[in-house]
Structures are given as structure tokens and as C-alpha cells.
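Data block below; observations after.
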Amino acid sequence: MSDAFSRLKSVVGDKGFTEDPGEIAPHLEEWRSKYHGRSSLMLKPATTSEVAAILAICFETGTAIVPQGGNTGLVGGQIPFHGEVLLSLQRMNRVRAVDAPGMTMTLEAGVVLARAQTAAAEAGLMFPLTLGSEGSCTIGGNIATNAGGNHVLRYGMMRALVLGLEVVLADGRVLPMLKALHKDNSGYDLNQIFIGSEGTLGVVTAATLRLFAKPAETVVAFAATASPGAALGLLGHMQARTGGLLSAFELIPSIAMELLLRHIPGARDPLESPSPWYALIEVAGGGGAGLEEQVQAALADALAQGFASDAVLARSQAQAQDFWRLRDSISESQKREGASIKHDISVPVAAIPAFIEKATAAVLAKFPGARPVTFGHLGDGNLHFNFNAPPSSGDKGGDAAFLAEWDEVQLTVHDIVKEFGGSISAEHGIGAMKRDLLLRYKSTEELDAMRTLKAAFDPKNILNPGKVVPPVRRL
Ligand code: FAD
Ligand code: ZN
């Protein structure tokens with residue numbers, strides 16, 4: 001093993017690795033402090049050929065390796081649990097090219113998402129992926145997790161934004177697929193196999209991404225709505241009345257507003273009186289067509305038709321940011337309130353109201369006092385279906401007692417997700433956290449196909465071992 005380590009270190013040179021526990025430590029713990037890993041060597045390659053040489057050595061010596069980007073993943077995928085070598089892509093952070101006429105850009109895996117957005121904006125274009133973690137997460141991580149976020153209903157998930165990839169295979173060979181082609185039916189789409197594979201099939205070193213025209217105008221509104229059913233009606237109404245220009249539609253419950261006002265400094269309810277539910281609506285497009293008036297008229301009709309009881313438009317960019325800050329601070333406010341049990345689920349959009357009703361009732365029947373904080377991307381069917389501990393739990397002991405129910409609450413929720421034809425991971429992935437749940441929620445045939453892929457691309461099981469693909473259950 002030490003021979004492998006010394007060969008790995010010599011490939012990347014002095015700047016390209018660290019064995020300093022202090023420097024490695026922040027890479028071993030993730031954002032929620034839920035997982036702690038261990039590793040004595042972190043490699044920091046600067047080029048694709050260095051990554052290729054690293055993997056060739058790992059393959060030859062059977063050395064396990066865990067790729068990591070910004071370490072913002074929420075399912076433990078980027079954490080080396082068993083002393084694996086850490087492969088940080090953060091030094092591979094060059095913007096290789098921005099092709100404005102072709103509306104594409106080619107970036108290395110370690111480019112931080114916010115910087116990718118800026119690079120697109122500097123060329124007068126837009127890269128639409130928007131996540132709460134965009135200041136830290138990387139393009140490689142976004143691809144490896146098939147990230148979602150706030151604009152999926154208009155632009156799709158990361159997999160819809162990728163045209164081509166450069167991927168290093170487990171044995172060190174490089175797949176050179178950085179093509180800027182919208183149409184390419186020349187055989188299997190190998191790019192898509194790696195998108196969402198969470199570092200278990202190959203290491204992404206660069207990507208060619210789609211860019212979009214920057215909307216001339218963006219209008220953000222905040223509406224009060226009586227129920228998820230009314231919110232669904234509002235969604236359809238706004239889609240129809242804006243000719244499909246909706247770029248976000250987020251659902252927020254009244255309890256989230258209470259938590260925001262209690263815990264987030266400067267948070268303010270944009271509306272005059274409390275409402276059981278709210279919708280944050282973003283419409284982007286325009287170019288002289290009077291988008292704001294169009295949205296205003298659509299909202300006035302929504303009020304008349306009972307989809308909403310009140311609505312307000314952001315009158316400035318700062319106000320629009322305030323509205324978004326409310327939405328993006330819900331997780332933080334939940335955290336400050338105390339313990340919570342979380343789910344990242346999706347169901348077909350039209351099933352959202354029935355799902356919320358059934359799953360909320362089922363959890364409350366078993367755990368009276370749990371406080372449902374159901375929010376998220378109604379526009380694409382993805383809910384962060386969370387429960388805060390009962391208010392009385394307050395102290396740490398109460399929180400611990402609530403968290404002890406995690407598996408039971410999760411089982412209740414996920415079984416209902418399955419009944420509705422949904423997914424137990426809408427956008428965060430499987431990682432370590434949800435791996436064994438797949439045994440319950442995926443068919444044997446799907447699991448067999450996943451294992452076949454894993455064995456084909458990673459025959460020695462050195463790439464992020466133990467993540468995503470559950471072991472065969474022995475009876
Ligand atoms: P990491 O956390 O470093 O890694 C994630 C996974 O990808 C791991 O399995 C890792 O092994 C693998 N990986 C990383 N880089 C590579 C590579 N180059 N090649 C192969 N495998 C690689 N996610 C959403 O989808 N939508 C959201 O709205 C959202 N909001 C968030 C808000 C906050 C505050 C936080 C902390 C997280 C949020 N996330 C969200 C989750 C997270 O930001 C995304 O999953 C993101 O795509 C991870 O990127 P990363 O660079 O941090 O990857
Ligand atoms: Zn989300």
C-alpha cells in the first residue's frame with residue numbers, strides 16, 4: 001500500500017497531495033456533520049493526465065479512491081469511510097472555453113458552480129443551474145449527482161445541460177467525449193451513464209455544457225394560497241398565462257414562514273396576513289413585451305379564480321432576492337429550530353396534493369406532535385418533505401428521542417412515495433445514506449442492471465466502493 005501511495009504522490013508532485021491531517025480534516029466531514037470519514041492521503045491533481053495516471057496506479061494496485069468536489073453532497077457520497085484515498089478535483093478549475101455563438105462552455109470538473117454562472121454571464125449568456133450550495137459545489141459534483149435545484153421545471157436537471165464529458169475510467173483510460181453536439185445518435189450515450197453515478201463508475205474531469213439566452217426580464221412574485229391543491233391550480237394557471245415562461249415555482253408552508261421570521265435575521269413576510277401556504281413564482285423572458293404587466297394580470301385572475309388569496313410582485317432586484325432568500329433559508333431556519341427528519345422525494349406533479357395529505361396524516365398518526373415542514377419544487381414534483389421535532393422536545397434529549405424515530409418516519413414516508421410512483425431521491429442522490437433503501441424500492445431487475453454496469457466499469461471495485469449500489473441481500 002505504501003508503495004502505491006509513494007507512486008501516487010510522485011505522479012502529482014509536491015503541490016498535488018497532502019498527508020496533513022489538519023488539511024484533510026474538513027474534507028472528511030460533510031455539511032450536516034452527519035458523516036465522518038477517514039483518509040490519510042488526499043490527492044489534488046491539476047490535469048486530466050494526472051487523474052489518468054492516478055487511476056491507472058489505483059487499478060493496478062487495487063487501491064480504493066473517493067472523488068470529491070466541493071464536499072456539499074447531502075448523502076455522504078463524497079466521504080471516504082474506510083480510509084480510501086481522497087481525490088479532490090478542486091485544482092482542476094480552468095474554464096477551457098466559452099463559445100458564445102454556439103452557446104456552450106467547456107469547464108474542468110473543479111470549477112465552482114457560481115463561477116460557471118459568472119463565466120456564462122460574462123459572455124452575455126446564462127447557465128441555469130441554481131442551487132443553495134452554488135458558492136461551493138463544483139461542476140464535477142453537479143454532474144456526478146445530477147443536481148436539480150430551482151430551475152428544473154424550465155431547464156431540466158444537470159443531465160439536460162450536459163452535451164459532452166471527459167471521463168477517466170477506473171483503469172486510467174480517458175473517454176474523450178467533449179463534443180458540443182445537440183444531436184448525436186452515434187451509439188450509446190455514454191455521457192449519460194456517468195451523470196448521476198456519484199463517482200462510482202468514472203471520474204469526470206471536464207464537461208461541455210449548454211448555455212441559454214439571458215432572459216431580458218425576470219419577474220418574481222410571492223403569493224398566498226389555501227392548499228397544495230390550490231397551489232397546483234396556480235401553477236397550471238401561471239404556465240398557461242405566461243406561455244410557458246415560468247422558471248421556478250416553489251411551495252412554502254406557513255410553518256416555514258414562522259421559522260424564518262423567528263430565526264433568520266431580516267426575514268420579512270412579503271404579504272400582509274399569514275396564509276396556510278405560499279408560492280414563490282419566477283417568470284423569465286420578455287424583451288419589451290411587458291412581462292411584469294402580464295404576470296400582474298395573470299395573478300389578478302388567479303385571485304379571482306381562487307387559486308390565490310393575495311400576491312405581491314418584487315419591485316426591485318433587491319426585493320426579488322429577499323423573496324428568494326426566504327425560500328433558500330428554510331433549511332437553515334429548520335436547523336436553528338432543532339432536530340428534523342428529512343426526505344428528498346418526488347412524485348408526479350399532479351399527485352403532489354394527494355401525496356402531501358396522505359403522507360402527512362400517516363406520519364402524524366404514528367408520531368403526534370411532529371411538525372411537518374413540507375416545501376420545495378412544486379413545479380417539478382420534488383418536495384423536501386421534512387418534519388421538525390415537537391416544540392416541547394426543545395432540549396437535546398427531546399431532539400435525540402425524535403431523531404431515534406428517523407428510520408420509522410422514513411419508512412412510512414417512502415412507502416407512500418412508492419405507492420404514488422415516486423422516487424426516494426429526487427435530487428440529492430443515493431450515496432451512503434440511501435443505498436440499502438434501494439433494496440426495498442427498486443426492482444430486482446433494476447438492481448441487477450445497476451450491478452452489471454458497476455462491474456463493467458469498475459471491475460475491481462475501487463471507485464467510491466460501497467456507495468450507491470447495494471450488496472446482494474443474503475437471506
Ligand atoms: P461533492 O459533495 O464533493 O460530491 C458529491 C458526489 O459526487 C460524491 O459521490 C462524489 O464522489 C462525486 N463526485 C464529485 N466530483 C466528482 C467528479 N469530478 N467525478 C466523479 N464523481 C465526483 N442539490 C440539489 O440537487 N439541489 C439543490 O437545490 C441543492 N441545494 C443544496 C443546498 C445546500 C446548502 C447544500 C449544502 C447542498 C445542496 N445540494 C443540492 C446538494 C449538493 O450541493 C449537490 O449534490 C452538488 O451537486 C454536489 O457538488 P459537490 O461539488 O459539492 O460534490
Ligand atoms: Zn431542492
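The values are calculated or read from the model by the stated rules, or taken from the named source; none is laboratory data. What you are looking at is a predicted structure, and each value in this text was computed from that prediction instead of being measured. Here the Cβ is made from the backbone with ideal geometry for all residues, glycine too, and neighbour counts use every protein chain on show. Heavy atoms of the whole protein, side chains included, go into the accessibility calculation; ligands, DNA and RNA do not. Shrake-Rupley method; radii C 1.70, N 1.55, O 1.52, S 1.80 Å.
Taken over the chain, the alpha-carbon convex hull comes to 161 cubic angstrom per residue. Computed over the chain, relative contact order equals 15 percent, with contacts defined as Cα pairs under 8 Å that lie 6+ residues apart.
Across region 61-141, C-alpha contacts under 8 Å between residues 6 or more apart give a mean separation that, scaled by the residue count, equals a relative contact order of 31 percent. All other residues with a Cβ under 13 Å from the Cβ of ALA53 taken together, and with Lys, Arg as +1 and Asp, Glu as -1, what is their net charge? Every neighbour counted, the sum reads 0. For GLU293 and HIS182, the FRET efficiency from 1/(1 + (r/R0)^6), where r spans their Cβ atoms and R0 equals 35 Å, is about 0.55. Relative to the dominant Cα principal axis of the chain, helix 48-61 is inclined by about 60°. Which entries of LYS366/LYS418; LYS9/LYS434; LYS183/LYS460 have Cα-Cα distances beyond 29 Å here? Those over the limit are LYS9/LYS434; LYS183/LYS460.
Annotation: LYS358 carries an accessible surface of approximately 100 Å², with a 1.4 Å probe and no ligand, DNA or RNA atoms counted.
When only C-alpha pairs under 8 Å and at least 6 residues apart count, what is the relative contact order of region 297-394, in percent? So the answer I get is 27 percent.
Computed from the C-beta positions of ASP310 and SER40 and an R0 of 60 Å, the FRET efficiency is 0.55 to the nearest 0.05. Computed with a 1.4 Å probe on the full set of protein chains, the accessible area for MET433 sits at about 50 Å². In the context of the full protein assembly, TYR441 retains an accessible surface of approximately 40 Å², using a probe radius of 1.4 Å and ignoring ligands and nucleic acids.
Close amide H contacts of MET177 (hydrogens built in the peptide plane, cut-off under 5 Å, sequence separation of 5 or more or a different chain): LEU165, GLU166, VAL167. Cross-link partners for LYS44 among the aspartates and glutamates, with Cα-Cα distance under 15 Å and sequence neighbours closer than 8 places in the same chain left out: ASP14, GLU19, ASP20, GLU23, GLU84, GLU108.
With the full set of protein chains in place, find how many percent of the accessible area of the chain is carbon and sulfur; take the probe as 1.4 Å. Carbon and sulfur: 54 percent of the exposed surface of the chain.
One decimal place: the segment GLN319-ASP407 gains 27.7 nm when fully extended, by the rule 0.36 nm per residue minus the C-alpha distance. In the context of the full set of protein chains, residues of the chain present 41 Å² of accessible surface per residue (probe radius 1.4 Å, heavy atoms only). Nearest 10 degrees, 0 to 90: what angle lies between the long axis of helix 352-366 and the longest principal axis of the chain (Cα atoms)? The helix 352-366 is inclined about 80 degrees to the chain. A simple rule links phi to the HN-Hα coupling: the Karplus curve 6.51 cos²θ - 1.76 cosθ + 1.60 with θ = phi - 60°, which for region 12-17 gives 9, x, 4, 6, x, 8 Hz, with x for Gly and Pro.
Against the criterion of solvent-accessible heavy-atom surface with a 1.4 angstrom probe, SER49, SER275, SER227 sort, most first, into SER49, SER227, SER275.
All other residues whose Cβ lies under 12 angstrom from that of GLU134 are scored, Lys and Arg at +1 and Asp and Glu at -1, for a net of 0.
Which of rounded, prolate, oblate describes region 328-475, given a ≥ b ≥ c as roots of the alpha-carbon gyration tensor eigenvalues and a/c under 1.5 marking rounded, otherwise prolate only if a/b is larger than b/c? It is prolate, given that a/c is not under 1.5 and a/b is the larger ratio. Treating the angle as unsigned and between 0 and 90°, give the value, to the nearest 10°, between the Cα long axis of helix 317-328 and the longest Cα principal axis of the chain. Computed tilt is about 70 degrees. Shape analysis of region 1-134 places it in the oblate category; the axes a ≥ b ≥ c from the Cα gyration tensor give an a/c of at least 1.5, with a/b not above b/c. With a cut-off of 12 Å between beta carbons, the residues surrounding ALA267 carry a summed charge of 0, where Lys and Arg count +1 and Asp and Glu -1.
Taking the helices alone, the chain has a mean residue ellipticity at 222 nm of -10500 deg cm²/dmol, built from -39,500 (n - 2.57) per DSSP H run of at least 4 residues and averaged over all its residues.
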